[in-house]
């Protein structure tokens, strides 16, 4: 009897256990079925092709574009270097270096300027009364969702030779002939600042919205002046927003294609334009692939730094 | 706290920072001034985009009569519609599989995959698709719109996924439990309870995906075959030519559509929170 009881008990225990395992397995199948279509599309048209680019970067360029299937490191070599046609000596590829430098320099400058303009703007929105705050936020969101090309076009109309800035300056007699603003690094910088600024303001606002103003009050009570409160209290508190905004501006700036093409013209290329050139007139797909992988690597490095920073400011944060 | 500062004569507020309001107002003006100029000159009677010659609808008529622009606009709308519906459908399914569950193995990898299009620079994705689709084109001989629709669906997925996931996470589980208690099958619970509750998130996702697809320049420019211009790539091609206010008119219509969609999205989103 005691034995059968034990057996029964065992059976009774085993049955729900088996049921739970069966349920778990079914849940897994459902989950997989739900995820499969999204992951399939992403693998097919976003992630998988990246591996082809990696492979292509190690092949030989075909004569009319495309590749020949023989392995070569030439594509990677030519990202930074070139061989002299006469004496085979190896030099830095100056054109590529200057484009790389321009990309990093302009993206960095865009990020810093966006922070200088975006910080006060986000703070302004965050300190509005609850009701009007949404309206201000909406005003920032609209340019964010309107076509980047149209916004670039709009900024072009302002800075071109016959544009608004020159027209006003001429009218007031401040200049004798139109300033050449288009097709300069400055034009690209202004354009990128203009199109990516909302990406700085939105995350900054998100962290300022949660700002505890009692801490700022405490700062004033302890005889801090406005600047000290800003530097010692506000900035440390909204640091996650600063980091997020900077990364959100820096990354698309680095890979920018439209803005430098429209505002920089053919001479002031950035990395994105150089890559496109290799697949267009340049007809050097392996070099283009190696450049793409370089850009991707820089972006991933920036993201890693961000993850590090974000983790750090999470643990050492204000709690 | 609001002690009066004798020196400034203004009430002291702990929230104020010197110069911030000025910069913010200048920032808003700078954001809108170029767009406003663009819109104003679309109504210019003259051929210049700098000298004002009086009001007219002339360039809207000419834009409407421009077959290339109209074709491109139609193509944009077709691609965006397909991409938005496809991306939102698969994103909804993915959101159901990644929310309201205990963390499981591979969940982080799934998140990473869904967010890939947000991290990889567009030019890199564009180049990758150019190579990959060129292979398929050679192999199959097909060179239709499906390539663009596939590319757009893929990069729209994270944008559709975000609002749907947010909606799911803020949803109350008790109604679904009650349905299950009343012997509803999982499918019935989903159709009658989950889906109606999720609907605002899905609409927001579809609209975001639609706007994102409509706006894309870089990937489309690299993936498109001959004669497959969308409105943005058509416009990009026109920058090299002499510009007339017709471009302003096209841009203004485009802007109006985007702003309308974003406005609806904004209010849908706000009602939720």
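Taking only the stretch B:117-135 into account, find how many residues are within 7 Å of chain A (Cβ to nearest Cβ) and within 30 Å of residue B:173 (Cβ to Cβ).
Narrowing the stretch B:117-135 to residues within 7 Å of chain A (Cβ to nearest Cβ): B:117, B:119-125, B:127-132.
Next, from what is left, pick out any that are within 30 Å of residue B:173 (Cβ to Cβ): none.
Total meeting the criteria: 0.
The residue that is farthest from the other protein chains (Cβ to nearest Cβ), counting only those in the stretch B:220-258 that are part of a helix (DSSP H, G or I) and more than 20 Å from residue B:63 (Cα to Cα), is B:220. Just wondering, is there one or more residues in the stretch B:95-110 that are within 20 Å of the chain's Cα centre (by Cα) and facing another protein chain (nearest Cβ under 8 Å)? No, the conditions are met nowhere in the stretch B:95-110.
Scanning the stretch B:145-180 for residues that are more than 14 Å from chain A (Cβ to nearest Cβ), touching a residue at least 60 places away in the same chain (Cβ under 8 Å) and either loosely packed, with under 15 Cβ neighbours inside 10 Å or closer than 17 Å to residue A:52 by Cβ (or both) yields B:169, B:170, B:173.
Based on this model, can you work out whether residue A:98 counts as out of contact with any helix residue (DSSP H, G or I) (no Cβ under 8 Å at 6 or more places or on another chain), more than 8 Å from chain B (Cβ to nearest Cβ) and within 28 Å of residue B:263 (Cα to Cα)? Can you show your working first?
On the way: out of contact with any helix residue (DSSP H, G or I) (no Cβ under 8 Å at 6 or more places or on another chain): yes; more than 8 Å from chain B (Cβ to nearest Cβ): yes; within 28 Å of residue B:263 (Cα to Cα): no.
Criteria not met by residue A:98.
Residue-level analysis places residue A:219 outside the set of residues that are crowded, with 16+ Cβ neighbours inside 10 Å and closer than 23 Å to residue B:51 by Cα.
Just one of A:175, A:159 is touching a helix residue (DSSP H, G or I) at 6+ places or on another chain (Cβ under 8 Å), more than 24 Å from residue B:211 (Cβ to Cβ) and more than 10 Å from chain B (Cβ to nearest Cβ); which is it? Talk me through it step by step, then tell me what you get.
Details: A:159 fails: more than 10 Å from chain B (Cβ to nearest Cβ).
Exactly one of A:175, A:159 is touching a helix residue (DSSP H, G or I) at 6+ places or on another chain (Cβ under 8 Å), more than 24 Å from residue B:211 (Cβ to Cβ) and more than 10 Å from chain B (Cβ to nearest Cβ), namely A:175.
Okay, residues lined up against (1) part of a helix (DSSP H, G or I); (2) over 20 Å from the mean Cα position of the chain (by Cα); (3) touching a residue at least 24 places away in the same chain (Cβ under 8 Å):
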position: A:247; (1), (2), (3): yes, no, yes
position: A:260; (1), (2), (3): yes, no, yes
position: A:267; (1), (2), (3): no, yes, yes
position: A:277; (1), (2), (3): yes, yes, no
position: A:282; (1), (2), (3): no, yes, no
position: A:291; (1), (2), (3): yes, no, yes
position: A:296; (1), (2), (3): yes, no, yes
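Considering every residue within the stretch A:92-114, establish whether at least one is in contact with a strand residue (DSSP E or B) (Cβ under 9 Å, 6 or more places away or on another chain) and not in a helix (DSSP H, G or I). Yes, some residue in the stretch A:92-114 is in contact with a strand residue (DSSP E or B) (Cβ under 9 Å, 6 or more places away or on another chain) and not in a helix (DSSP H, G or I). Among the conditions (1) at pLDDT 90 or above; (2) more than 8 Å from chain B (Cβ to nearest Cβ); (3) under 21 Å from residue A:112 (Cβ atoms); (4) buried (at least 19 other Cβ atoms within 10 Å of the Cβ), residue A:301 misses just one, which is (4).
Scanning the stretch A:129-162 for residues that are surrounded by fewer than 21 Cβ atoms within 10 Å (Cβ to Cβ) and not in a helix (DSSP H, G or I) returns A:129, A:161, A:162.
Using the structure shown, decide if residue A:293 is modelled with pLDDT of 90 or more, in contact with a helix residue (DSSP H, G or I) (Cβ under 8 Å, 6 or more places away or on another chain) and either more than 9 Å from every other protein chain (Cβ to nearest Cβ) or more than 14 Å from residue B:123 (Cβ to Cβ) (or both).
Working: modelled with pLDDT of 90 or more: yes; in contact with a helix residue (DSSP H, G or I) (Cβ under 8 Å, 6 or more places away or on another chain): yes; either more than 9 Å from every other protein chain (Cβ to nearest Cβ) or more than 14 Å from residue B:123 (Cβ to Cβ) (or both): no.
For residue A:293, the condition - modelled with pLDDT of 90 or more, in contact with a helix residue (DSSP H, G or I) (Cβ under 8 Å, 6 or more places away or on another chain) and either more than 9 Å from every other protein chain (Cβ to nearest Cβ) or more than 14 Å from residue B:123 (Cβ to Cβ) (or both) - is not met.
If you check residue B:105 against the conditions, is it outside any helix (DSSP H, G or I) and on the phi > 0 side of the Ramachandran plot?
Numbers: outside any helix (DSSP H, G or I): yes; on the phi > 0 side of the Ramachandran plot: no.
Judged against the criteria, residue B:105 is not a match.
Of all residues in the stretch A:30-47, count the ones that are within 7 Å of chain B (Cβ to nearest Cβ) and either under 27 Å from the mean Cα position of the chain (by Cα) or not in a helix (DSSP H, G or I) (or both). Residues that pass the stated criteria total 10.
Is there a residue being modelled with pLDDT of 85 or more, within 14 Å of another protein chain (Cβ to nearest Cβ), part of a helix (DSSP H, G or I) and surrounded by 14 or more Cβ atoms within 10 Å (Cβ to Cβ) anywhere in the stretch A:55-64? For the stretch A:55-64, residues modelled with pLDDT of 85 or more, within 14 Å of another protein chain (Cβ to nearest Cβ), part of a helix (DSSP H, G or I) and surrounded by 14 or more Cβ atoms within 10 Å (Cβ to Cβ): present.
The values are calculated or read from the model by the stated rules, or taken from the named source; none is laboratory data. Treat the numbers as computed from the prediction; the structure is a model and nothing was measured. In this analysis, Cβ positions are derived from the backbone assuming ideal geometry, glycine residues included, and neighbour counts consider all displayed protein chains.
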